[in-house]
Amino acid sequence: MTARERAVAGFRAHFGHEPDDVSFAPGRVNLIGEHVDYNDGLVLPMPITVGTAVAWSRSTAATIDAVALDLKSTDSFVPGGPTVHQPPDWRSYLRGTAAELGGRGFDAVPARLAIAGDIPRGTGLSSSASFCVATGRALAAAANHAPTAVQLAQAAQSAEHVWAGVRCGIMDQMAVAAGQPGHALLLDCRTLVTRDAPWPSDWAVMIVQSGVHRGLIDGHYNQRRRECEAAAQALGVGSLRDATAAMVAAAAMTEVLMRRARHVVSEIDRTAAAVAAIAAHDLPQLGVLLAASHASLRDDFEVSVPPVDTLVAKVQQAIGSAGGVRMTGGGFGGAIVAVMSVDAVPEVADAAARAIGMAHPVAPAIIIERAARSG
């Protein structure tokens, strides 16, 4: 069953009647532009086919009542007055999304929600952003509101910041709220201006789970953000988006801060170059950029781990020069992303499966994404 089908069936079983409708938000894979969103940089994510579905109905009760079907857990709170759930879990994200939408003029109304997802959690595919945007869409629809993609993304980001304690950038939420299937999304994280980058029909994106589970808070995500802010302060700029490679090389700062800044500045440049490579249908050049991104994340930003590095190397060997691979997501485990020709998918998928100890490629351990189909 799909996430949508499970959400509807779960709603019917839990609440005893049919939902009014179903809202959906995809996960996302970031092709390139890692750890630069909170530095006002350029990023290039792509929405994926798996995501979060929320079957919903309006309610005559005074509360928002929700069931997380995958977790077999429930929540109930009064719209407009939820308290933070501690320790943070899915209820923190739900309550935070409702509250942050309300703070933007989209007050929630009593509703019933049944939530189901098929994004593997802790794999760098934005399960939390997908959850927040999907529940935000459901709550907005129940109240007859129509927030823009930017408003929805900003509410979801604030829910993560304030209600879950993760100081994430805006990339995940914008990719989930504004991305189009089969297209990469060039996002300027300073202005929130987006541009669709159509994915070539003969290219594929492969997402491979490393098997190393990670958590953003436990994985020092917030520490990396603090280091970037300290580097920007040492350089005398508002954010590392305004720095150059020459400025970083000449700056008086610790070696750690220099490496963090060097990654961000070079990664922003690589993202712009990747968009040009896609437009030029230059798969080898895109592969070179992905390899450089992984090396920078491993050596300068220090967010990769040896099992992921090994997986990247094995998949790159299978791809050869016609494509590339790197870690994706916050780091410290999670997934890798690879680009290749469609014709190479079976061989590379078999190699990836062997690398993670599987006899055959099996979803969701290996996910294949391609260009949007016409018609």
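The values are calculated or read from the model by the stated rules, or taken from the named source; none is laboratory data. No experiment lies behind these values; they were computed from the predicted model shown. Every residue, glycine among them, receives a Cβ derived from its backbone with ideal geometry; neighbour counts consider all protein chains shown.
Of all the residues that make up the range 195-216, how many are of a type in the set (Asp, Glu), part of a strand (DSSP E or B) and either touching a Ser or Thr at 6+ places or on another chain (Cβ under 9 Å) or under 22 Å from PRO361 (Cβ atoms) (or both)? Here the count works out to 0. Regarding the range 210-222, can at least one residue be identified that is without any contact (Cβ under 8 Å) to a residue 24 or more places away in the chain and β-branched (Val, Ile, Thr)? No, there is no match, as no residue in the range 210-222 is without any contact (Cβ under 8 Å) to a residue 24 or more places away in the chain and β-branched (Val, Ile, Thr). The residue list HIS183, HIS161 contains one member that is modelled with pLDDT under 95 and out of contact with any Gly (no Cβ under 9 Å at 6 or more places or on another chain), which is HIS183. The set of residues from the range 168-194 being crowded, with 24+ Cβ neighbours inside 10 Å and assigned to a helix (DSSP H, G or I) comprises MET171, ASP172, GLN173, MET174, ALA175, VAL176, ALA177. Among the candidates GLN173, GLN154, the residue that is over 16 Å from VAL337 (Cβ atoms), in the same structural domain as SER130 (by TED's automatic domain parsing) and over 12 Å from the mean Cα position of the chain (by Cα) is uniquely GLN154. When restricted to residues that are exposed (fewer than 15 other Cβ atoms within 10 Å of the Cβ) and under 16 Å from HIS14 (Cβ atoms), the range 64-91 contains 5. Just to be sure before I move on: is VAL212 at pLDDT below 95 and of a type in the set (Val, Ile, Thr) in the structure I sent? Against the criterion (at pLDDT below 95 and of a type in the set (Val, Ile, Thr)), VAL212 qualifies.
Report whether or not LEU235 is more than 20 Å from ARG326 (Cβ to Cβ), assigned by TED's automatic domain parsing to the domain that holds ILE268, of a type in the set (A, V, I, L, M) and more than 16 Å from the chain's Cα centre (by Cα). It is true that LEU235 is more than 20 Å from ARG326 (Cβ to Cβ), assigned by TED's automatic domain parsing to the domain that holds ILE268, of a type in the set (A, V, I, L, M) and more than 16 Å from the chain's Cα centre (by Cα).
Looking at the range 280-291, can you tell me whether even one residue there is hydrophobic (A, V, I, L, M, F, W, C), out of contact with any Gly (no Cβ under 8 Å at 6 or more places or on another chain) and assigned to a helix (DSSP H, G or I)? No: the range 280-291 contains no residue that is hydrophobic (A, V, I, L, M, F, W, C), out of contact with any Gly (no Cβ under 8 Å at 6 or more places or on another chain) and assigned to a helix (DSSP H, G or I). Taken across the range 307-319, residues that are touching a residue at least 24 places away in the same chain (Cβ under 8 Å), outside any helix (DSSP H, G or I) and either assigned by TED's automatic domain parsing to the domain that holds ASP343 or among the charged types (D, E, K, R) (or both) do not occur at all. Of GLY324, GLY320, all but one fail to be modelled with pLDDT of 95 or more and surrounded by fewer than 23 Cβ atoms within 10 Å (Cβ to Cβ); the exception is GLY320.
Restricting GLY16, GLY33 to residues that are surrounded by fewer than 24 Cβ atoms within 10 Å (Cβ to Cβ) and small (Gly, Ala, Ser) narrows the list to GLY16.
Checked across the range 159-167, the condition of being outside any strand (DSSP E or B), more than 29 Å from ASP300 (Cβ to Cβ), touching a residue at least 12 places away in the same chain (Cβ under 8 Å) and in contact with a Cys (Cβ under 8 Å, 6 or more places away or on another chain) holds for at least one residue.
Just so you know, in the range 246-268 the residues that are without any contact (Cβ under 8 Å) to a residue 24 or more places away in the chain and in a helix (DSSP H, G or I) include one that is nearest to GLY33 (Cα to Cα), and it is VAL248.
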